[in-house]
Structures are given as structure tokens and as C-alpha cells.
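See structure below.
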Amino acid sequence: MSTTMTSQQFAEFENFMHENPDIDTIEVLVTDLNGILRGKWLPREHLQRVLEGNFKMPLSAVTADIWGRDVASLCAQTGDGDGICRPVAGSLKRIPWLSSPTAQLLLKMSTKDGDPWGCDPRVVLERVVDRYRARGWRAVTAAELEFYLFLDRADHCGAPQLPVTRSNGHCQIGGQIFNIDTMHEYAELLHAIRTACRDMEVPLDTIVKELSPAQFELNLQHVDDPLVAADNAQWLKRTIKHIAQQHGYIASFMAKPLAHLDGNGLHVHASIVDTNGHNLFDDGTPEGSQILRNAVAGLQQTMAETFLLYAPHINSYRRFKSGSHAPVAPTWGYENRDVALRIPNGDHNARRIECRVAGADANPYLTLATILASMLWGIEHQRQPSEPQTTGYTEQKPSLPRHWFEALQNFEQSTRIGEMLGEDFQRAYGAIKQAEQHEFEGLISAMEHDTYLVLS
């Protein structure tokens with residue numbers, strides 16, 4: 001993978017700045033392992049430093065915990081040294097929601113020796129993509145993101161508040177799934193999101209009213225470069241959050257923000273095409289090819305070990321309950337939304353796998369890297385899947401990790417994660433999640449006080 005910019009890439013950035021003479025600030029951004037954007041504001045005249053490879057940030061910028069704090073064990077390994085930040089081609093975009101003329105630019109990190117930093121989630125994905133390219137294959141992917149809109153203030157207990165409807169001044173009893181008239185109540189916000197996406201060339205497709213009140217799903221168009229697909233998902237999340245803020249709402253991608261309502265998922269559609277553009281999952285039959293079955297098997301047989309990447313936080317595990325439209329076992333099936341891995345009906349040329357496991361709180365780069373690496377592992381080892389599931393959740397025996405601690409243990413003890421995603425990444429991600437778990441273990445909840453303070 002190249003670590004230097006081509007003349008064409010230089011021209012791309014120079015043309016952008018020429019066409020946007022009013023831009024005075026550049027936000028330079030890296031994505032950390034939790035999927036959070038971290039970076040700096042640079043004045044316009046300092047962009048050249050970035051383009052020439054003379055811009056640095058601490059390597060620990062991508063290995064911070066969820067609260068943005070250093071993880072001591074990781075800093076000790078690197079001495080908290082600087083990494084070289086290189087611009088991602090095609091990522092310099094004007095920020096449409098800011099009044100002050102500002103652009104944003106994605107970066108990826110390299111070590112001081114110029115080697116891609118294996119703990120940068122974009123690099124993790126890039127290495128998986130390179131393995132596909134070595135075979136002459138391209139992975140075609142698209143993401144679907146679910147989120148809630150909440151009022152910009154909590155209730156007296158600190159809990160998020162759903163918006164009220166215009167009809168009676170109360171929040172909706174149900175979510176009114178696919179209800180167009182319900183979407184009209186949020187039309188100004190949703191149109192603003194679509195306009196911002198168009199301005200940033202983020203290929204937004206459909207907008208759907210989801211199952212719960214003030215819950216929506218936004219779908220991205222498929223692209224044949226997973227790095228671009230992950231960039232698009234990252235831009236989309238950022239756009240939704242900021243546009244919602246402008247309209248007086250909080251947009252939340254928390255996996256399970258409300259106990260009595262459905263959680264938020266990140267569904268990913270994936271297929272593989274060869275150099276001729278032929279879909280390797282298509283063999284002309286409704287069932288799909290043997291390669292499709294191998295890929296499904298790879299996802300199934302690695303899911304218990306990779307589950308921490310689909311469900312990275314303590315709250316993530318509240319989403320996985322029978323009847324909750326979140327899978328509790330590594331099942332698969334044709335046109336079945338109650339399984340972890342759905343094979344949608346339709347044109348054989350568009351045969352694909354929909355992975356329905358990840359929460360919307362997952363890192364898009366790591367989610368795509370995990371899905372694609374698992375598929376490739378199954379293909380390379382010619383694994384065979386279980387029988388396709390034809391029934392719903394009630395017939396599934398829960399077998400995926402039910403708790404954060406179990407998922408971390410599986411992840412750290414896995415002998416395949418390092419092979420699939422990199423040993424440096426495995427160690428760093430495990431250390432971050434250990435630190436976060438220790439923080440939560442030390443908390444005593446209000447419910448514990450209410451239950452035990454007097455009664456025990």
C-alpha cells in the first residue's frame with residue numbers, strides 16, 4: 001500500500017482549495033479504535049504540511065479509551081510517540097453545516113519509519129482490502145445505519161427524552177414503521193441531512209422510519225471500495241449528529257438507548273466481484289454459489305471471537321435479546337430478517353450477504369474489516385455453513401456472547417484475530433476494552449443503592 005501522494009492526489013487537493021478560496025480552517029481527522037473522530041484545526045496555509053507528510057499526531061490518538069483518555073499500557077509500549085499523518089485521497093470536503101468556511105480531511109497514521117500504523121482502524125481495513133486485491137477481487141459493500149432522535153435535554157432522572165408529536169403533545173406509542181406522514185414531522189431535518197450528504201458526495205440512498213418512535217434508518221448506496229464505504233458511513237454519522245444538533249435534537253447511535261424499545265443496528269451488505277465484474281456469489285441459482293456458502297461459514301465460525309468488534313461497549317449487549325430483531329446466534333437464511341446473516345432475494349447478479357450483527361455504536365472501519373476478513377477466512381479454508389434457518393428468533397438457541405466480559409475474553413484468546421486483522425491491533429483493542437471494563441466495574445449504580453443500602 002502506498003504511503004506517498006501521487007501528483008494526481010496533489011492536484012486534487014490543490015483544485016479543491018482553488019475552488020474554495022474562502023476556506024480558512026481545515027479539520028484534520030483520524031478515526032480512533034472506538035470510531036470517534038479526533039484531530040486538530042489547521043489554518044488554510046498549513047495544509048501543505050499535511051500534503052507533504054510533515055504533519056504529526058501522537059500514535060495514542062487512535063488508541064484512546066471511549067472517554068478520550070490515554071490507555072497507560074499502550075502509551076508505555078510506544079512512549080506516546082508521534083505518528084506521521086497522511087491525507088486520504090478524496091476526503092477533503094467542505095463542511096456544509098458550519099457558518100465559518102471550514103473543510104474536513106481524513107488522515108491515516110504511519111509510524112516514524114513510514115510504515116502504516118496497524119492500530120489505525122482505516123489501516124486495519126486497508127490491509128484486509130489488499131488481501132482481496134491480491135486475488136483480483138473487489139468487495140462491494142453498503143451500510144445501513146439506525147439512530148434515534150432525542151430532545152436536547154434529559155428528564156429529571158437524566159434519561160433521554162423522545163420528541164413529542166404535533167397531534168397530542170406526547171411521544172408516540174409506537175414507531176409507525178414506514179409511515180410517511182410520521183416522517184413529515186421531521187421533514188426539515190431529514191431534507192437537511194440529504195442536502196448535506198449531497199454537498200459532501202456521500203451517496204445517501206433511502207431514508208426509512210424505523211420500528212420505534214423517532215427512530216430512523218438511513219441507507220448508503222453500495223460501492224466497490226470498502227475504504228470508501230467506511231468513509232461514507234463515518235461521514236454520514238457525523239452529518240446526522242451535527243444536522244440534528246442544529247435542529248434542536250440529539251442524534252444517538254447508542255446500541256440500546258431505551259430498555260423498552262428496539263436498539264440501533266449497523267447492517268452491512270457485502271458481495272465479491274472479480275476483475276470482470278462478475279459477482280462470485282452468483283452461480284445462476286436462487287441458492288447462490290459455493291463461495292457464498294464458504295463466506296457465510298467464515299462469518300458464522302468466527303463470530304463468537306469477533307463479536308467484541310460488532311458489540312464494542314457494555315450497552316451493546318442490551319440489544320441482543322430474543323424477539324428484539326438483533327441476532328442471538330450465528331444463524332443464516334434466505335430472506336429472513338431474524339437471522340444474523342441474511343441472503344436477500346432479488347436479482348441473482350446482486351446476490352449478497354447482509355450481516356445484521358453490529359450495533360450502530362460499532363466502528364464502521366472495524367465492522368467492515370471484520371466482515372470481509374471473516375468471509376475471506378471461510379473461503380480460504382473452504383468452510384461449510386450450517387443449514388439455513390427458516391424460522392424466527394423463538395427457534396434460535398442463544399450461543400453468541402451475552403456479556404461484554406465474555407466477548408473480550410473470546411477476542412483476546414482468539415488465535416485467528418491476529419491472522420485476520422493484525423496482532424498489534426488485537427493487543428491494542430483488547431487493552432482499550434480492558435481499561436473501559438475496569439472503569440465500569442468500579443461504579444456503583446443508583447439501583448444498587450436503592451436496592452441494598454437499607455434492605456441488606
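The values are calculated or read from the model by the stated rules, or taken from the named source; none is laboratory data. In this text, all values refer to a predicted model and were calculated from it rather than measured experimentally. Ideal geometry is used to build each Cβ from the backbone, glycine not excepted, and the neighbour counts take in all protein chains shown.
Does the stretch 281-290 contain at least one residue that is surrounded by fewer than 21 Cβ atoms within 10 Å (Cβ to Cβ) and closer than 25 Å to I432 by Cα? Before you say what the answer is, go through the steps one by one.
Residues of the stretch 281-290 surrounded by fewer than 21 Cβ atoms within 10 Å (Cβ to Cβ): 282-287, 289-290.
Cutting the leftovers down to closer than 25 Å to I432 by Cα gives us none.
No, because not a single residue in the stretch 281-290 is surrounded by fewer than 21 Cβ atoms within 10 Å (Cβ to Cβ) and closer than 25 Å to I432 by Cα.
Hey, among L105, L59, which residue is crowded, with 16+ Cβ neighbours inside 10 Å, within 20 Å of P121 (Cα to Cα) and out of contact with any helix residue (DSSP H, G or I) (no Cβ under 6 Å at 6 or more places or on another chain)? Step through it out loud before you land on a result.
Details: L59 fails: out of contact with any helix residue (DSSP H, G or I) (no Cβ under 6 Å at 6 or more places or on another chain).
On inspection, the qualifying residue turns out to be L105.
Somewhere in the stretch 172-194, is a residue out of contact with any His (no Cβ under 6 Å at 6 or more places or on another chain), modelled with pLDDT of 95 or more and more than 15 Å from L149 (Cβ to Cβ)?
Yes, the stretch 172-194 has at least one match.
On the given criteria, is G53 small (G, A, S), surrounded by 11 or more Cβ atoms within 10 Å (Cβ to Cβ), under 18 Å from A230 (Cβ atoms) and out of contact with any Cys (no Cβ under 6 Å at 6 or more places or on another chain)?
Working: small (G, A, S): yes; surrounded by 11 or more Cβ atoms within 10 Å (Cβ to Cβ): yes; under 18 Å from A230 (Cβ atoms): no; out of contact with any Cys (no Cβ under 6 Å at 6 or more places or on another chain): yes.
It is false that G53 is small (G, A, S), surrounded by 11 or more Cβ atoms within 10 Å (Cβ to Cβ), under 18 Å from A230 (Cβ atoms) and out of contact with any Cys (no Cβ under 6 Å at 6 or more places or on another chain).
Take the residues of the stretch 394-430 that are hydroxyl-bearing (S, T, Y) and not in a helix (DSSP H, G or I): which is modelled with the highest pLDDT? Steps first, answer last, please.
In the first step, residues of the stretch 394-430 are kept if they are hydroxyl-bearing (S, T, Y); the result is 394, 399, 414-415, 429.
Narrowing further to those that are not in a helix (DSSP H, G or I): 399, 414-415.
On the way: S399: 89, S414: 98, T415: 95.
Applying the filter and picking the extreme gives S414.
What number goes with the only condition from (1) out of contact with any Phe, Trp or Tyr (no Cβ under 9 Å at 6 or more places or on another chain); (2) surrounded by 16 or more Cβ atoms within 10 Å (Cβ to Cβ) that D115 does not pass?
(2)
Anything in the stretch 83-136 that is small (G, A, S) and closer than 16 Å to D231 by Cβ? List them, or say none. Explain how you work it out, then say what you get.
From the stretch 83-136, those small (G, A, S) are 83, 89-91, 99-100, 103, 110, 114, 118, 134, 136; that's our starting set.
Across the stretch 83-136, the qualifying residues are A89, G90, S91, A103.
Those residues that are touching a residue at least 12 places away in the same chain (Cβ under 8 Å), farther than 19 Å from T195 by Cβ and not in a strand (DSSP E or B), I need them from the stretch 83-114; list them, please.
Scanning the stretch 83-114 gives V88, A89, G90, S91, L92, T111, K112, G114.
Taking L59 and the conditions (1) touching a residue at least 60 places away in the same chain (Cβ under 8 Å); (2) over 24 Å from D115 (Cβ atoms), which numbered condition does it fall short on, given that it satisfies the others?
Status for L59: all satisfied but (2).
In the stretch 286-309, which residue that is β-branched (V, I, T) and closer than 20 Å to P327 by Cα is nearest to the chain's Cα centre (by Cα)? Outline the logic, then answer.
Quick first cut of the stretch 286-309, residues β-branched (V, I, T) only: 291, 296, 302, 306.
Okay, now just the ones that are also closer than 20 Å to P327 by Cα, so 296, 302, 306.
Details: V296: 20, T302: 19, T306: 14 Å.
Top of the filtered list is T306.
Looking at L37, L51, L59, which one is hydrophobic (A, V, I, L, M, F, W, C) and farther than 28 Å from T367 by Cα?
On the way: L37 fails: farther than 28 Å from T367 by Cα; L59 fails: farther than 28 Å from T367 by Cα.
Of L37, L51, L59, the one residue that is hydrophobic (A, V, I, L, M, F, W, C) and farther than 28 Å from T367 by Cα is L51.
Just checking, which of A143, A192 is closer than 30 Å to R416 by Cβ and crowded, with 16+ Cβ neighbours inside 10 Å? First the steps, then the outcome.
Working: A192 fails: closer than 30 Å to R416 by Cβ.
After ruling out the rest, the residue left standing is A143.
Are any residues in the stretch 431-449 farther than 15 Å from L33 by Cβ and part of a helix (DSSP H, G or I), and if so, which ones? Break it down stepwise before answering.
First, the residues of the stretch 431-449 that are farther than 15 Å from L33 by Cβ: 438-449.
H438, E439, F440, E441, A446, M447, E448, H449, listed by residue number.
Under the condition of being charged (D, E, K, R) and touching a residue at least 60 places away in the same chain (Cβ under 8 Å), which residue from the stretch 433-445 is surrounded by the most Cβ atoms within 10 Å (Cβ to Cβ)?
Among those that are charged (D, E, K, R) and touching a residue at least 60 places away in the same chain (Cβ under 8 Å), it is K433.
For the stretch 124-141, name all the residues that are touching a residue at least 60 places away in the same chain (Cβ under 8 Å), aliphatic (A, V, I, L, M) and assigned to a helix (DSSP H, G or I). I'd like the intermediate steps shown before the answer.
Narrowing the stretch 124-141 to residues touching a residue at least 60 places away in the same chain (Cβ under 8 Å): 124-132, 136-141.
Those left that are additionally aliphatic (A, V, I, L, M): 124-125, 128-129, 139-140.
Scanning the stretch 124-141 gives V124, L125, V128, V129.
So which of L368, L341 is free of Cβ contacts under 8 Å to residues at least 60 places away in the same chain, under 28 Å from E423 (Cβ atoms) and buried (at least 19 other Cβ atoms within 10 Å of the Cβ)? Reasoning before the result, please.
Details: L368 fails: free of Cβ contacts under 8 Å to residues at least 60 places away in the same chain.
That would be L341, the only listed residue that is free of Cβ contacts under 8 Å to residues at least 60 places away in the same chain, under 28 Å from E423 (Cβ atoms) and buried (at least 19 other Cβ atoms within 10 Å of the Cβ).
List every residue pair whose Cβ atoms sit under 8 Å apart, with the two residues 6 or more apart in sequence or on different chains, where the first one lies in the stretch 208-223 and is touching a residue at least 12 places away in the same chain (Cβ under 8 Å) and the second, anywhere, is of a type in the set (G, A, S) and in a strand (DSSP E or B).
Once the first residue is touching a residue at least 12 places away in the same chain (Cβ under 8 Å) and sits in the stretch 208-223, its partners that are of a type in the set (G, A, S) and in a strand (DSSP E or B) give N219/A142; N219/A143; L220/A142; L220/A143; Q221/A142; H222/A142; V223/A142.
Listed here are the residues, each with its yes/no results for (1) over 26 Å from the mean Cα position of the chain (by Cα); (2) surrounded by fewer than 16 Cβ atoms within 10 Å (Cβ to Cβ).
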| site | (1), (2) |
| --- | --- |
| Q382 | yes, yes |
| P385 | no, no |
| P401 | no, no |
| A407 | no, no |
| N410 | no, no |
| Q413 | no, yes |
| A431 | no, no |
| M447 | yes, yes |
| T451 | yes, yes |
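Could you tell me which numbered condition N315 fails, if it satisfies all but one of (1) touching a Cys at 6+ places or on another chain (Cβ under 7 Å); (2) closer than 21 Å to E406 by Cβ?
All conditions are met except number (1).
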